[in-house]
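The values are calculated or read from the model by the stated rules, or taken from the named source; none is laboratory data. Every value quoted in this text rests on a predicted model; they were computed, and no experiment measured them. Cβ placement follows ideal geometry from the backbone for every residue including glycine, while neighbour counts extend to all protein chains displayed. All accessible areas refer to the heavy atoms of the entire protein, side chains included, with ligands and DNA or RNA removed. Shrake-Rupley method; radii C 1.70, N 1.55, O 1.52, S 1.80 Å.
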Amino acid sequence: MFRQVSIFLLSLLVSFGALGAEPPTPEEFLGHPVGADRKLAPYAQVLDYLRQVAAASDRVSIEPAGTSTLGNEIVTVVLTSAANQGNLDRYREIARRLANPDRLTAGEARDLIAEGKAIALVTCTIHSTEVGATQMAMEFVHEFATTQDPERLAWMDDVILLLMPSINPDGQVMVVDWYNKQLDTEYEGGRMPWLYQHYVGHDNNRDFYMLTQKETQAVNDLLYHRWYPQVFVDEHQMGSTGARMFVPPQTDPLAPEVHSLIFRQADLIGTIMSFRLEEAGKTGVGHNMIFDSYWPGGTRNTAWWKNVTGLLTEVASARLATPIYIDPGELRGGSKGLPEYKRRANFPSPWPGGWWRLRDIVEYELIATWALVESASLYQDEILTNFYRMSREAIAAGAAGSPAGWIVTPEQHDPVAAAKMIDLLLRHGVRVQRTEAEVRVGRTTYPAGTWIIPAAQPYRAFLLTMLRPQRYPEVRPYVGGPILPPYDVTSWSLPILMGVDVEETGGPLPEALTAIDAVDWPGDGDAETSAAAPAAADPAGYLISHAADTAYTAMNRLLAGGREVHWLTEAIEGGAVGDIFVPAEGLTADEVAALSAELHLPIRAVDAAPEAGRLEAGAARVGLFKPWVASMDEGWTRFLLERYEFPHVNLHNEDMREGGFDKDIDIVLFPDVSKTIIEDGEPPPSRRRFFSPLPPEYSGGIGSEGGENIREWVREGGTVVALDSSTEYLIELFELPIKNVLDGIDDDEFSCPGSMLRLLIDTAHPLGYGLRDEEAGYFANSPAFRTSLPDARFDRRVVARYPDHRDDILVSGYVKGADKLERRAAVVEIEIGKGKLILIGFRAQHRAQPHRTFKLLFNALYELTES
């Protein structure tokens, strides 16, 4: 009764929430309804409309969240009651304090929970062909600003909704422009010939633990440094011929470190969503299917490990804004949790088929988003209490149990990698401490400058999953059944990816530690000091460890400036084979110091040039193949080439066919793309009938002409580097005495969907410079090579291989049939005529994550001569 009276009074006190005239409806602004057939509002128009609503309504405000890769605005629309809009700083502060409960008394926590508001984040259209959510945002914000519904007005007082209308605005611009250009052609609603995020395309929601992209960083900052929301919904679209919508609960396996309340709250909110959708006659809604709860890399997934209840929604797609008709016989299951398209406990009202439109997508997402607001209001107290409780329990578990923490010493194989990892953890909101003097933990003494990451902190679960190796759980749907396959990768351990030695300790941790909010990087910029003794005032040159991650940026800058760079073929005292020597001629100490400081790179001045043998490294002109079948691996590779400042250009099909590349390029680099895409511009024949065509100027591959040009170019001295599946193309093109031993092997015999495997490295070979004798490489059902004794046309050198015994192969993740990799080659260099091929049979640069194997690729991108 009290709530009914409160709602009535609230409806009397609150008008439509306007500061001035009531805002126009989206239809009045756009000239067509939201979700109309063959109509997409461009991103700039969406923002213009949202700003008009914010200007007219005291329930709506907009704040900047960042800038995209290509310079577009990323914004957050803040939706709540007018009273709450006036106190946003206070509610942010409450959320921040509840996220850090060890700094609160129990009484303070109760008071903050009573005063606080449930804060929920909704992100839209990270995958830019999933256009519905950005369009829906306009209608939702208008409804929020103008509704007079008493219940909704009450929800607004309990909840602050943060709506990001697109977290990939660059892709929104590209997709809408392409769609409008292709209207009334046979390519209407089809794919683009380039990625819809400048570098990473669909992989942009696989970046949420490595944080390499600007868009990811903007969302991360909002989540863990600015707003501290307790609930996070990421709105997506999926294929067209299955369920109409997926909402939580998600399916097995469950991540073992995540608090069970995360899954229970996601299930609760998802159930309210599906209930409201069913009430509205929206059929085809399913749960407990397709999407598991195990992997931390996705947009909202990472939040689970940080006490944020993350939810995924997925709505069936149209052909962008073009309607599609789906015959009932075309509806199918076949996915995890939906083996057949029929009524099931997790799919009680199958959609019968028929026309499916963008408007349908908008309506499903509108209902689900309002259900989120309703849920956050109904369970406001529980959401805030559990947010506080999960953080408090994480701290208590870390204080009472094992491990007590993790120790990272500054002395590492790669002198930069440890600092990079610590910087990444700080950006994630992890608490890190540093020793100011020598300390003893257990029986070990650690030097000053050692980083200690205590387990007793709110994000303990995140640390447990990110700092330990993974073992994929063998969950079976029934006794004797097959293992449920993973949705994405099965290994993400940061120390393993980045090559950092991390010690897990049972403690106790020392008390005299300093909390840090920024990293003290190696490389103090003083290029005139030596680790052994003071250098002469006029040094002969400078030494850089080839193991240092940023050594490549330094070499590329020096070469671009006309400096000499040498790789030592013999180790000198205090160094290693492959160390980099830069003659001092023409270099000032200030220039070297600036390079060291900017790149966080230790550089040592030496009195005399090393007497060891050397290879002179020259700047090679790299041509990165870019097919018109958009390749995420090409984008990630391009991102790394730019980040480390390798001189490069993209080569397209026509460049390879016409053969002019040989005048401008020293090295051709093929990313992980299939043989058929390189040759024909199409996927394998089994998938071609589901592949929408591109306009003629973007169709086809390099053809036989391109292949012949590559053969001739290599024989005359060119170098080709191939990654993962593109190695198959070169093996066939050159008829190499190499076989992929996994070719034709089915999943019952071998499976390794994204794991870190042990590699044995020939560190005396220039490709192995800077690496350790044993490394770990990212393998995703990649090739593995059996080499044969070559004839006189070839010579070959295996630079990396897998261990002799299957039990030694897996480092982190999951592999079935590891015996098939025993003693097989992973990296092979082949000499042909005057040129060479370098086959890297795994993803050495996968998603810019496995820092420790970047060197295998980067070392291949220089021209080396005896000096």
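Taking Lys282 as the anchor, which lysines have their alpha carbon closer than 24 Å to its alpha carbon, excluding any fewer than eight residues away along the same chain?
Partners within reach: Lys39, Lys336, Lys342.
So which GluC sites (Glu not before Pro) in the range 254-342 are both in a DSSP loop and have at most 16 other Cβ atoms within 10 Å of their Cβ?
Listed in order of number, the matching sites are Glu340.
What residues qualify as long-range amide H neighbours of Thr251, i.e. H under 5 Å apart, gap of 5 or more or another chain, H built at 1.01 Å from N?
Met289, Phe291, Asp292, Ser293
How much net charge surrounds Ala56 when only other residues with a Cβ under 15 Å from its Cβ are counted (Lys, Arg +1; Asp, Glu -1)?
With Lys, Arg at +1 and Asp, Glu at -1, the neighbours total -3.
Using the heavy atoms of the protein chains alone and a 1.4 angstrom probe, what is the accessible area of the range 777-867 per residue in square angstrom? Intermediate values should be presented prior to the final figure.
Working: 3430 Å² over 91 residues.
In whole numbers, the range 777-867 has 38 Å² accessible per residue.
Could you go through the range 379-396 in sequence order and give the Karplus-derived ³J(HN,Hα) for each residue, using 6.51 cos²θ - 1.76 cosθ + 1.60 with θ = phi - 60°, rounded to whole Hz, and x for Gly and Pro?
Going residue by residue, I get 10, 3, 5, 5, 4, 5, 5, 5, 4, 5, 5, 5, 5, 5, 5, 4, 5, 5 Hz, with x marking Gly and Pro.
If each residue of separation counts as 0.36 nm, what is the full-extension length gain between Asn87 and Glu863 once their alpha-carbon separation is subtracted?
273.3 nm
Within the accessible area of the range 299-352, what % is carbon and sulfur when the probe is 1.4 Å and the other protein chains stay in place?
Heavy-atom surface of the range 299-352 belonging to carbon and sulfur, 1.4 Å probe: 48 percent.
Per residue of the range 134-149, what does 6.51 cos²θ - 1.76 cosθ + 1.60 with θ = phi - 60° give for ³J(HN,Hα)? Whole Hz please, x for Gly and Pro, Karplus curve as stated.
Per residue, the Karplus-derived 3J(HN,Hα) values read 5, 5, 4, 4, 4, 5, 4, 5, 5, 4, 4, 6, 10, 4, 10, 5 Hz.
Tell me whether the range 64-211 comes out rounded, prolate or oblate; compute the Cα gyration tensor, take square roots of the eigenvalues as a ≥ b ≥ c, and use a/c under 1.5 as the rounded threshold.
On the way: a/c = 3.46, a/b = 1.80, b/c = 1.92.
Note, shape of the range 64-211 comes out oblate.
Remind me, relative contact order of the range 110-177 in percent, using alpha carbon pairs under 8 angstrom and six or more residues apart?
54
If I fit a long axis through the Cα atoms of helix 551-560 and take the longest principal axis of the Cα atoms of the chain, what angle between them do I get, 0 to 90°, rounded to 10?
70
Can you list residues from other chains, or at least 5 along the same chain, whose modelled amide H is less than 5 Å from the amide H of Trp492?
Excluding prolines and chain starts, which carry no amide H, the hits are Gln470.
What is the log10 of I(q)/I(0) for the range 624-721, computed with the Debye formula using one identical point scatterer on each Cα and no solvent, at q = 0.14, 0.20, 0.21 Å⁻¹?
Ignoring solvent entirely, the Cα scatterers give -0.53, -1.03, -1.11.
At 1.4 Å probe size, with every protein chain present, just tell me what the per residue accessible area of the range 399-523 comes to in Å².
Dividing the accessible area of the range 399-523 by its residue count gives 42 Å².
Return one whole number: the accessible area per residue of the range 297-343 in Å², for a 1.4 Å probe.
Value for the range 297-343: 33 Å² per residue.
Tell me, which longest segment in the chain has none of the chymotrypsin sites (Phe, Trp or Tyr not before Pro) that fall in DSSP loops with at most 14 further Cβ atoms within 10 Å? Walk me through the numbers on the way to the answer.
Details: sites that count: Phe16, Tyr478, Phe690, Phe691.
Within the chain, the longest run free of exposed chymotrypsin sites (Phe, Trp or Tyr not before Pro) spans 17-477.
Which whole-number percent is the relative contact order of the chain (Cα, under 8 Å, 6+ apart)?
With pairs under 8 Å counted, the relative contact order is 10 percent.
Tell me which lysines have Cα within less than 27 Å of Lys820's Cα, excluding those fewer than 8 residues away on the same chain?
Qualifying lysines at Cα under 27 Å: Lys675, Lys739, Lys855.
Regarding the range 380-458, what is the average projected area of its C-alpha convex hull, in nm²? Don't jump to the answer; show the numbers that get you there.
On the way: hull surface 25.5 nm².
Across all orientations, the range 380-458 yields a mean hull projection of 6.4 nm².
Contact order normalised by length for the range 23-156, with contacts defined as Cα pairs under 8 Å and 6 or more residues apart; what percent is it?
Reported relative contact order: 29 percent.
Around Thr322, under 14 Å between beta carbons, what's the net of Lys plus Arg minus Asp minus Glu among the other residues?
Once positives and negatives cancel, what remains is +2.
By how many degrees, 0 to 90 and rounded to 10, does the Cα axis of helix 260-279 deviate from the longest principal axis of the chain?
Here the helix axis deviates by roughly 50 degrees.
Ordered by residue, what ³J(HN,Hα) values in Hz, to whole numbers, does the range 405-410 give under the Karplus form 6.51 cos²θ - 1.76 cosθ + 1.60, where θ = phi - 60° and Gly and Pro are x?
Whole-Hz 3J(HN,Hα) from phi for the range 405-410: x, 10, 10, 10, 7, x.
Just to confirm the filter: which GluC sites (Glu not before Pro) across the range 681-763 are DSSP coil and have at most 16 other Cβ within 10 angstrom of their Cβ?
Glu716, Glu735, Glu749
Of all accessible surface on the range 364-420 at a 1.4 Å probe, what whole percent is carbon and sulfur?
52
Measure out, as a whole number of angstrom, how far apart the alpha-carbon centroids of the range 665-689 and the range 734-798 sit.
Each part reduced to its Cα centre gives a spacing of 20 Å.
What value, in deg cm²/dmol to 500, does the helix sum -39500 (n - 2.57) over DSSP H runs of n ≥ 4 give at 222 nm once divided by the residues of the chain? If you can, show how the numbers build up before the last one.
On the way: 26 runs with 265 residues, N = 867.
When only DSSP H runs of four or more count, the value is -9000 deg cm²/dmol.
Can you grab the distance from the C-alpha centre of the range 311-387 to the C-alpha centre of the range 139-163, Å, no decimals?
22
How many Å³ per residue does the convex hull of the Cα positions in the chain occupy?
Working: hull volume 155.0 nm³, N = 867.
Output value, Cα hull per residue: 179 Å³.
For a quick check: with amide H placed at 1.01 Å from N, whose amide H comes under 5 Å from Trp351's, ignoring anything fewer than 5 positions away on the same chain?
Counting only residues 5 or more places away or on other chains, the set is Arg244, Gly284.
Can you pull out the trypsin sites (Lys or Arg not before Pro) in the range 645-746 whose DSSP state is coil and whose Cβ has at most 11 other Cβ atoms within 10 Å? Write out the running numbers ahead of the final one.
On the way: sites: Arg657, Lys663, Lys675, Arg687, Arg688, Arg689, Arg711, Arg715, Lys739; in loops: Arg689.
Hits after loop and neighbour filter: Arg689.
Counting only protein heavy atoms and using a 1.4 Å probe, what share of the accessible area of the range 571-695 belongs to carbon plus sulfur, as a whole percent? Working shown, then result.
Numbers: 2630 of 5300 Å².
Carbon with sulfur: 50 percent of the solvent-accessible area.
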